[in-house]
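J.: Sharing a structure below in structure tokens format, with a few things to ask.
Nothing in this text is a laboratory measurement; each read-out follows from the coordinates by a stated rule. Being a predicted model, the structure only gives us computed values, none of them experimental. All Cβ positions, even for glycine, are placed from backbone atoms using ideal geometry, and neighbour counts span all protein chains on display.
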Amino acid sequence: MSTWPFLPKGRRLDTGKDTQFSDAWIVLGLLLTLLGLALDHTFLTMAAVFLFVVVGSSWLWAAASLNGLHYRRRFSEERAFQGETVTLTLELHNRHWLPLPWIAVRDRFPPELPVAQVELDYNPTTHQADFNTFWSLGPYRQAVRQFTVQCSRRGFHRYGPAVATTGDGFGFFNRRGLVAGEQRLIVYPRLYPAQALRLPTKNPFGAVRTANPLFEDPLRTAGTREWQSGDSLRRVHWKATARLQQMQSRVYEPAEEPLVIFFLNVTTLPRHWHGYIPELQERTISVAASLAALADQERLATGLVANGALPGSDQPIRVPASRNPNQLTLLLEMLAAVTPFATQPIEQLLMEQARQLPWGAILAVVTAVVHDELLITLQELAAAGRRLVLFTLAAEPPRTLLPGVDIYHLPHLVEDWVAPVRVDLATESRP
């Protein structure tokens, strides 16, 4: 609402109205009609008729303006890794014989993902950014615009809904309507290459082969042995035979590999209610994602348990182990969506879930902080015969001896991280 100096005191002009038409136009038309008839003045009568015709046609024009309007949002990729860019294509179609001289579209974008060369307006009401575009289309015309989205933050990012405002060419009447629903852009955590993790190339998860496997996987060769009568010719390792000048047969990996269950600790401070350090947490999640990708390359059955939760949930994340070809995609999506707030201590979750897992499963704990409670839990599980692997990004490796636990200390992944920033949970939870 704005105050104008030429309006009577107490009257205000609403600049936010959906129409510039008001009762004053009706009064003006009636006044011109009465004067024209009373004075037998043709010009005034024709002016009144022209005014009513313009107003009526403008109203009909605006009423039909949204009928043939179609807005479409397309991504070159609906899934991307952190650090990549995605091309966003916006299409607007006017499938009507009426021209649309002006169309204002307000779309909702996630404020975490910047758009190249475009400034987004953050809306504190929706907690999203308003992306405003202005278009003009003739009858049966189409316009296409492309933008580059920088996938700078992991997560499930929501786009939409989009609202379009248009109307008649005179600007008398406006119409506003929903023209596009919501879409998701999934940004996976950044993956470290195998060289950056500095893990053993053979069995980085401490996998142990069964002594007498009932079934063998002919696609995975573990070594060679002397040829024995009854061995198929398909089993002969011809290169080893030529090198040793003696018949050699392949030794295959067992068909059933141990399960690898990743336990992700989203906590970055000794107590999960103390807050968290965003950069350290993101790197820990990236390590978990990279290990899951490495296990998938090893064709291991993998699963995930995390003390973080999905958005809108307060339960830990649990993904059962599987060798399904889509398992890695599922794990990456869970890691993309995991929230920074811990639902419970990782040692408590580890002890609860260990009871429900097969005895031969490998429990791989990925954490940025190692405290006494976690070390005690690892000792108890190892003493009970559990197979454990600890991946830690802590500044110092555990000083307590953990027999039966393979420990990988990965401080090199945070060496470039100079200025840690702590986020207070109490402060962040305030509106």
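J.: On a full-extension model of 0.36 nm per residue, what is the gain between residue 57 and residue 273, subtracting their alpha-carbon distance, rounded to one decimal in nm?
T.: Contour length minus the Cα-Cα distance gives 71.4 nm.
J.: Working from the pairwise distances between different alpha carbons, so that the mean of 1/r is found and then inverted, what is region 69-188's Kirkwood radius in Å?
T.: Computed over Cα pairs of region 69-188, the Kirkwood hydrodynamic radius comes out at 15.1 Å.
J.: Provide the FRET efficiency to the nearest 0.05 for the residue 297-residue 125 pair, computing r from the beta carbons and using R0 = 45 Å.
T.: Between residue 297 and residue 125 the formula returns 0.50.
J.: If you don't mind, there's one more thing I want to ask. Only counting other Cβ atoms within 10 Å, I'd like 286, 76 sorted with the fewest neighbours first.
T.: Taking fewest neighbouring Cβ atoms as first place, the list is 76, 286.
J.: Also, quick follow-up: Take the Cα atoms of region 277-417, find their three principal axes, and give me the spread along each one in whole Å, biggest first.
T.: Sorted largest first, the three principal extents are 38, 37, 31 Å.
J.: Here's another thing I want to ask about it. May I ask you to compute the full-extension gain from residue 239 to residue 132, defined as 0.36 nm times their residue separation minus their alpha-carbon distance, rounded to one decimal in nm?
T.: Length gained, residue 239 through residue 132: 32.0 nm.
J.: Next up: Give, as a single signed number, the net charge of other residues whose beta carbon lies under 15 Å from the beta carbon of residue 337, with Lys and Arg counted +1 and Asp and Glu -1.
T.: Result for the local shell: +1.
J.: Fewest to most neighbouring Cβ within 10 Å: what's the order for 231, 107?
T.: Ascending Cβ contact count within 10 Å gives the list 231, 107.
J.: Could you list the residues of region 324-351 with an amide nitrogen less than 11 Å from a label point located 7 Å from the Cα of residue 313 in the Cα-to-C-beta direction?
T.: Output list for this probe position: 334-335, 337-339.
J.: Could you grab the relative contact order for region 69-188? Cα pairs under 8 Å, six or more apart, rounded to a whole percent.
T.: For region 69-188, the relative contact order is 34 percent.
J.: Nothing charged except the Cβ atoms of Lys and Arg (+1) and of Asp and Glu (-1): what's the magnitude of the dipole of region 69-188 about its Cα centre? Round to the nearest 20 debye.
T.: Rounded to the nearest 20 debye, it is 300 debye.
J.: Where Lys and Arg each count +1 and Asp and Glu each count -1, what net charge lies around residue 375 among other residues with Cβ under 15 Å from its Cβ?
T.: -4
J.: Still on this structure: Could you give the length gained on full extension between residue 329 and residue 202, defined as 0.36 nm per residue of separation minus the Cα-Cα distance, in nm?
T.: Between residue 329 and residue 202, full extension yields an extra 43.4 nm.
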